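Please read the structure below before turning to the comments.
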Amino acid sequence: MTELEKPTSITGGCLCESVRYTITFPPDHPWDDCIGTCQCVWCRKVTGSLLFRFHQLKKTDVKFDADSTLRTYQATPGKHRGFCNNCGSYLFYRGETSKFINLAVGCFDKDAMKKYGTILTKAGGHLYVCDEIPGVTDHLEGDRFETEPHD
């Protein structure tokens, strides 16, 4: 089996494209350990989906364009959820004191997903499985965590 080509950088953003970002993947990016879902009630509500599918990166590896409509919401102190103030797209979750950011994979640009989708979205860990829905989200492959492993 051949190893999948890994990107060195990709771009993404919101639906109306007023929020744009570039991800630069370092050579030591932990591809097998950075993909996952969050099944907490807050992520479910903010995404309108059964789970939040994310790719975790160091905050320093993601550069948002300076002139944008990016805003954050704190449902709990120190926990930021990023969104576009214009179109409402949910873009990320990050803890204030964490060095990581969890980007919504659905906001990666289409060309990146076509080329690298398999490596950017493969099965990973599942956070806050205490809120999973029996018979609906509890069957997903991957490690399971009651809380975030990288807070």
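Among the residues making up the stretch 112-128, those that are modelled with pLDDT under 85 and of a type in the set (Ser, Thr, Tyr) are 118, 121, 128.
So that you can scan it fast, the table gives a plain yes or no per residue for (1) hydroxyl-bearing (Ser, Thr, Tyr); (2) in contact with a Pro (Cβ under 8 Å, 6 or more places away or on another chain):
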{"site": "5", "(1), (2)": "no, no"}
{"site": "25", "(1), (2)": "no, yes"}
{"site": "52", "(1), (2)": "no, no"}
{"site": "60", "(1), (2)": "yes, no"}
{"site": "64", "(1), (2)": "no, no"}
{"site": "107", "(1), (2)": "no, no"}
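If residue 92 meets every condition in (1) of a type in the set (A, V, I, L, M, F, W, C); (2) under 15 Å from residue 14 (Cβ atoms); (3) not in a strand (DSSP E or B) apart from one, which number is that one? Tallying (1) of a type in the set (A, V, I, L, M, F, W, C); (2) under 15 Å from residue 14 (Cβ atoms); (3) not in a strand (DSSP E or B), residue 92 fails exactly one: (3).
Scanning the stretch 49-72 for residues being free of Cβ contacts under 8 Å to residues at least 12 places away in the same chain and within 14 Å of residue 94 (Cα to Cα) gives a total of 1. Quick one: is residue 15 farther than 22 Å from residue 66 by Cα, in a loop (DSSP other than H, G, I, E, B) and either free of Cβ contacts under 8 Å to residues at least 24 places away in the same chain or open to solvent by 30 Å² or more (accessible area, probe 1.4 Å) (or both)? Criteria not met by residue 15.
Restricted to the stretch 30-50, and to residues that are among the aliphatic types (A, V, I, L, M) and not in a helix (DSSP H, G or I), which residue is nearest to residue 73 (Cα to Cα)? Top of the filtered list is 50.
The values are calculated or read from the model by the stated rules, or taken from the named source; none is laboratory data. Since we're looking at a predicted model, the values are computed, not measured. So basically every Cβ, Gly included, is an ideal-geometry build from the backbone, and we count neighbours across all protein chains shown. With ligands, DNA and RNA removed, areas are computed over all heavy atoms of the protein, side chains included. Shrake-Rupley method; radii C 1.70, N 1.55, O 1.52, S 1.80 Å.
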